[in-house]
Amino acid sequence: MPEISTRTEGAIRILTISNERKRNAFEGTMAADFLRLLNEAESDDAVRVIVVTGAGDIAFSSGHDLREMMHDRDDASDPNANAPFLMPATMTTPTIAAINGYAFAAGFILAISCDLRVVSANASFSAPGARIGLLPIGGQISRLSQLMPRAIAHEMLITCRQMKADEAHRLGFANHLVPDGQALHKSLEMARQIVANATTVVTAIKTGLEILANDGTAAAAEYEWRVGRQLQGEPDADEGMRAFLEKRAPNFA
């Protein structure tokens, strides 16, 4: 049965796109369920990292079910209908995409929207919009060229060619390239490293990087100094420095 399954490991929430017979395409209520689960994780203070992956070892997600989209054409470029795939970029909680195969169309948008990407050797990416007569939306134009050289992003969008895992890693689009079947394992390893750090600072870093991407260097620099002064007086700063001097692991609030 197509669904978004969820489980929690400590402070890490794992969301799995489960529709293997259609390469983990989103159909029925899956997109709405995914958005609800993201909102639940974002509002839960105990969740400090979200990892998104696909069921099985063939696909992360092949995007929307195209047959459903043909019957509801208005949703193709509707920001509200595509909100689940865009939300990771706007969340305060860090997100990691454990990409275990095909990430096409809306699956590619979701990969772009996540903060970090771990790809298995069999992963591949594609923006098929031009091939099916639809503008590549949801960050494929506005965000992709910030994550790889603009000329490569342009080429992907107008040729609709697949980008394989090794190229994604070489270009810096993927943070890590791992053997088949290891994307989730490596993503959880990274998530545990994030959880060990001060949540206030991790959240502020993500916000600052989004300001840089959207508003430019001057706005990001102003944010650094303003928020840096605020955080240096917080309990986490005191605990972190004491723990370093005392050669122990910090116990952040």
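Below is a table of values for the structure above.
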{"quantity": "Flag if Gly181 is at pLDDT 95 or above and not assigned by TED's automatic domain parsing to the domain that holds Val118", "calculated": "no"}
{"quantity": "Any pair with Cβ under 7 angstrom, 6 or more apart, that starts in segment 235-249 at a residue that is among the small types (Gly, Ala, Ser) and ends at one that is assigned to a loop (DSSP other than H, G, I, E, B)", "calculated": "Gly240/Ala198; Gly240/Pro250; Ala243/Ala249; Ala243/Pro250"}
{"quantity": "Scope segment 229-253; condition closer than 14 Å to Thr199 by Cα and under 28 Å from the mean Cα position of the chain (by Cα); matching residues", "calculated": "Leu231, Asp236, Ala237, Gly240, Pro250, Asn251, Phe252, Ala253"}
{"quantity": "Answer from Asp236, Asp215 - the residue that is more than 29 Å from Ser124 (Cβ to Cβ) and buried (at least 17 other Cβ atoms within 10 Å of the Cβ)", "calculated": "Asp236"}
{"quantity": "Flag if Ala174 is part of a helix (DSSP H, G or I) and among the aliphatic types (A, V, I, L, M)", "calculated": "no"}
{"quantity": "Pairs with Cβ under 8 Å, 6+ apart, first in segment 131-143 and within 19 Å of Gly172 (Cβ to Cβ), second of a type in the set (Ser, Thr, Tyr) and outside any loop (DSSP other than H, G, I, E, B)", "calculated": "Gly139/Ser113; Arg143/Ser113"}
{"quantity": "Positions within segment 6-42 being closer than 19 Å to Lys206 by Cβ and of a type in the set (Gly, Ala, Ser), in sequence order", "calculated": "Ala11, Ala41"}
{"quantity": "Conditions (1) closer than 28 Å to Arg117 by Cβ; (2) without any contact (Cβ under 8 Å) to a residue 40 or more places away in the chain; (3) loosely packed, with under 12 Cβ neighbours inside 10 Å; number of the one not met by Pro179", "calculated": "(2)"}
{"quantity": "Unmet criterion (only one of (1) of a type outside the set (Phe, Trp, Tyr); (2) assigned to a helix (DSSP H, G or I); (3) closer than 30 Å to Ala123 by Cβ) for Asn197", "calculated": "(2)"}
{"quantity": "Of the criteria (1) free of Cβ contacts under 8 Å to residues at least 60 places away in the same chain; (2) in a loop (DSSP other than H, G, I, E, B), which one Leu212 fails", "calculated": "(2)"}
{"quantity": "Failed item in (1) under 20 Å from Ala59 (Cβ atoms); (2) touching a Phe, Trp or Tyr at 6+ places or on another chain (Cβ under 9 Å); (3) surrounded by fewer than 21 Cβ atoms within 10 Å (Cβ to Cβ), with Cys160 passing the rest", "calculated": "(2)"}
{"quantity": "Residue list for segment 152-167, restricted to those being among the aliphatic types (A, V, I, L, M), assigned to a helix (DSSP H, G or I) and over 11 Å from Ala130 (Cα atoms)", "calculated": "Ile152, Ala153, Ala165"}
{"quantity": "Tally of residues being among the charged types (D, E, K, R), surrounded by fewer than 18 Cβ atoms within 10 Å (Cβ to Cβ), more than 18 Å from Cys114 (Cα to Cα) and out of contact with any Leu (no Cβ under 9 Å at 6 or more places or on another chain) across segment 8-59", "calculated": "7"}
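The values are calculated or read from the model by the stated rules, or taken from the named source; none is laboratory data. Since this is a predicted model, take the numbers as computed values, not measurements. Here the Cβ is made from the backbone with ideal geometry for all residues, glycine too, and neighbour counts use every protein chain on show.
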